[in-house]
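What follows is a single structure, written as structure tokens, with notes after it.
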Ligand code: SAH
């Protein structure tokens, strides 16, 4: 956090100037001594697309406007996807001016797109308005298109095999930014996205409120109107947040990054495992299933010689037996900075068959985009390194 001291009477003008240009994103808090603390967030939160319809109603009521205006504006933002307030032609000029004085609509910039020649997968590197970079992936399946989006720029979870966490987390994304990852992909590809996985960089349950706002907006009638069942959220296992999410009784899919069946092994590759044991994690998963009726998915990155033996399969089956679950095996994506290797195809298939013999539902994740910067966070890291070399 930067700490800057302003004379009090300049505060208002500085806020307005910053707001109007949308170039610097700070939260301004004046404390008793007139010191101003600037933190990233305030203006990002002010993107009007981050607000649910009921929040828009409250905003509009504060301008003395009728509630139906909220649906009109919501549709301009999320269905017609205007780039500025001036395009909202059935909204009075006076209201548009008020809105643009207090809120903004800020779009992601496409920094790079890599397209797979094999299967139509496209990896997007986006620049956020504060210069941070994030990645999203557009995936083409036979019957539908899917988007894998990031929830944070970087990640603090420190999983040993993951490229996103190498430099830590810079900040969380707003609902508007997560939505814009999808909107920009749809605009660029000219194709409709039918399902969304929050499995890019970041730990989405650490920004649960913003994630819930994102889910409410993207599923709302009058916007993209995606069904909750078309959304999957992946977590490394923040136990209290899984329980909090369960209480919302949503119909979204929850994926748990498990990757090892014992605490001892999991702790070697996932620092979060030192905070929450597998037993606590499983209890939270049972709670999620009881509250929502939704089957959970367990992600298991197969790492050669580490978690891919017959004994590992037996331990995993033991952990999941009798639970409504599905295991997604992902042969680990090699990351340049790490020395994990994936087992060969035959070994991966053997692991799958062993689980099946124990009665576990299991698939090996189909690999998409293998000819482009594969592992999560690789493209962003490459660009960041180039940036620092040229700086
Ligand atoms: N923080 C969340 C979501 C982001 S990671 C989570 O942990 O689930 C999305 C998924 O990709 C997780 O299952 C993660 O463990 C997996 N992953 C990350 N790096 C990987 C790699 N190099 N190979 C295979 N899977 C990887």
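Here, each number is a calculation from the coordinates, and none is a lab measurement. As the structure is a computational prediction, the values presented were derived from the model and not from experiment. Cβ: placed from backbone, ideal geometry, glycine included. Neighbour counts: every protein chain shown.
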In nm, the gap between the two label points placed 7 Å beyond Cα toward Cβ at residue 371 and residue 247 is 5.0
Percent of all Cα-Cα pairs per 20 Å bin for the chain, counting from 0 up to the last occupied bin, reads 26, 55, 18, 1
In deg cm²/dmol, rounded to the nearest 500, the helical mean residue ellipticity at 222 nm of the chain, built from -39500 (n - 2.57) for every DSSP H run of length 4 or more, is -11000 deg cm²/dmol
Rounded to the nearest 0.05, FRET efficiency between residue 82 and residue 347 (Cβ-Cβ, R0 45 Å) equals 0.30
Length gained, residue 358-residue 188, 0.36 nm per residue minus C-alpha separation, equals 56.7 nm
Given 355-367, 241-253, the highest-first ranking by average Cβ count within 10 Å works out to 241-253, 355-367
In a Gaussian network model of the chain with springs linking alpha carbons closer than 10 Å, the residue among 310, 64, 84 that fluctuates most is 64
The exposure ranking of 121, 219, fewest beta-carbon neighbours within 10 Å first, is 219, 121
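Give me 275, 117, 57 sorted ascending by neighbouring Cβ count inside 10 Å, so fewest comes first. It would help to have the intermediate numbers written out before the result.
Details: 275 12, 117 9, 57 20.
The fewest-first ordering by Cβ neighbours comes to 117, 275, 57.
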Taking Cα atoms only, helix 93-102 is inclined relative to the longest principal axis of the chain by an angle, in degrees rounded to 10, of 60
For segment 226-342 (alpha-carbon point model, no solvent) the Debye-based log₁₀ I(q)/I(0) at q = 0.11, 0.12, 0.22 Å⁻¹ works out to -0.36, -0.43, -1.29
Each label sits 7 Å from Cα toward the beta-carbon; between residue 225 and residue 112 the label points are separated, in nm, by 3.8
With Cα springs under 10 Å, the Gaussian network model of the chain assigns the largest mean-square fluctuation among 195, 62, 71 to 62
For segment 120-254, Rg(Cα) over 2.2 N^0.38 Å is 1.00
Between the modelled labels at residue 166 and residue 286 (7 Å from Cα along Cα→Cβ) the distance in nm is 4.0
Working note, segment 168-243: Cα radius of gyration (Å, one decimal) and Dmax (Å, whole number) are 12.7, 39
Taking only C-alpha positions in segment 45-91, Rg and Dmax in angstrom work out to 9.9, 25
If one builds a Gaussian network model of the chain from Cα atoms under 10 Å apart, the most fluctuating residue listed among 91, 256, 73 is 91
In degrees rounded to 10, the 0-90 angle between helix 175-189 Cα long axis and the longest Cα principal axis of the chain is 80
